[in-house]
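Here's the structure we're looking at; comments come further down.
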Amino acid sequence: MPSRAAVLLGIVVLSLVFVQSTASTAFLASPFKVSSAPSSSALRIPQTKTMATTASSPSSSSPLAKDIDGKSIAAAIRSELTQQISLLPPSTASSPPGSRPGLAVMLVGQRRDSQTYVRMKQKACHDCGMNSFLRVYDNVDGDVTEELLLNQISEWNDDLAVHGILVQLPLPAHIDEEVILRAVRPDKDVDGLHPANTARLFSTSTHAGAAKLNWKDFSSLPFHVPCTPQGCIELLDRIGVDVEGKNAVVIGRSNLVGLPVAMLLLHRNATVTIVHSRTRDIEAVVKNADVVIAAVGRAKMVPGSWLK
């Protein structure tokens, strides 16, 4: 089971989902209309009739449209984390090396988007009072080997000061991502990509004698959940949307976002449909949805006319 420090690290990475444009966006579709699918971390969802009405932005075609400010949600999460971490004992010569959460990040190659994201992770750790460890491999002329990366991961696996390990994806083509991700200890895999963590996410525990998990409290789960899918559910939680009994449509079936977020919705007792490139009449499927999560990496794929 992940340590408390590892859980806190996972929440820090989760907060990054809300401060940058991502492949996943979530918004409520029923029973009101929105003008278009959101394309950034400030999501547009309809405001329910039971909520106090607010003035919509000039660009909005719907008088009930309302923005979800991802940056504000991220700031709130980081503030909560900073407070929790401040209560931990400070690292001293006599204290255990794992008293302060530590995140280790591996960056291979020179992709600018990956470099930017890694810098964001380091800043998030610093702002919350966590330790950050970074290992960069420039991979000039493809000189980085799997053995080199595996040795570094093994070192971090055994390091008591490291509670979470992130391998920045994608890796260069000559490196087997699956081999590298499998090498990370599951309890330190704060990205939730190790097969052991994936298997637990996809277990519904419906058979007799199976331990039931509280899927409404991510911090109570005995394993790590992928951050972007968790971020979609966290957004819905933070604005008070209960998905139980609702028809939820997930657009996209990737291992990183589409499938995991579909399972999280299912664990929350939503009725889930996955839409993909071979789905017939996508518009009709989406029109029947109460909740739509787009995980296709393409802005404005879902026009407002598709929503209830």
Based on the Kirkwood radius over alpha-carbon pairs, what is the Stokes-Einstein translational diffusion coefficient of the range 129-286 at 37 °C with 0.692 mPa s viscosity, in µm²/s? 184
For the range 193-308, just the Cα atoms, rotate onto the principal axes and tell me the three extents in Å, largest first. 44, 27, 27
Formal net charge of residues neighbouring Gln110 (Cβ-Cβ distance under 14 Å; K, R +1; D, E -1): -1
Which percent of the accessible area of the range 128-212 is formed by carbon and sulfur heavy atoms (probe 1.4 angstrom)? 51
Under the Karplus curve 6.51 cos²θ - 1.76 cosθ + 1.60, θ = phi - 60°, whole-Hz ³J(HN,Hα) for the range 271-277, x wherever Gly or Pro sits: 8, 10, 10, 9, 9, 9, 5
Please work out the average accessible area per residue across the range 213-308, using the 1.4 Å probe convention, and give it in Å². 44
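Treating only the Cβ atoms of Lys and Arg (+1) and Asp and Glu (-1) as charged, compute the dipole magnitude of the range 115-252 about its Cα centre; round to the nearest 20 debye.
Using only the charged Cβ atoms, the result is roughly 640 debye.
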Tell me the net charge near Asp290. Cut-off is 12 Å between Cβ atoms, Asp290 excluded, with +1 for each Lys or Arg and -1 for each Asp or Glu. +1
Go through the range 166-220 and name the trypsin sites (Lys or Arg not before Pro) that are in a DSSP coil and have 12 or fewer other Cβ atoms within 10 Å of their Cβ. Lys212, Lys216
Going down the list Lys123/Lys216; Lys121/Lys188; Lys216/Lys246, which pairs span over 18 Å between their C-alpha atoms? Lys123/Lys216
Enter the Cα centre distance for the pair the range 254-270 and the range 183-218, rounded to the nearest angstrom. 13
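The values are calculated or read from the model by the stated rules, or taken from the named source; none is laboratory data. Just so we're clear, the structure is a prediction, and the values are computed from it rather than from any experiment. Counting neighbours? That spans all protein chains shown, and the Cβs are built from the backbone with ideal geometry, glycine included. SASA here: full protein model, heavy atoms, side chains in, ligands and nucleic acids out. Shrake-Rupley method; radii C 1.70, N 1.55, O 1.52, S 1.80 Å.
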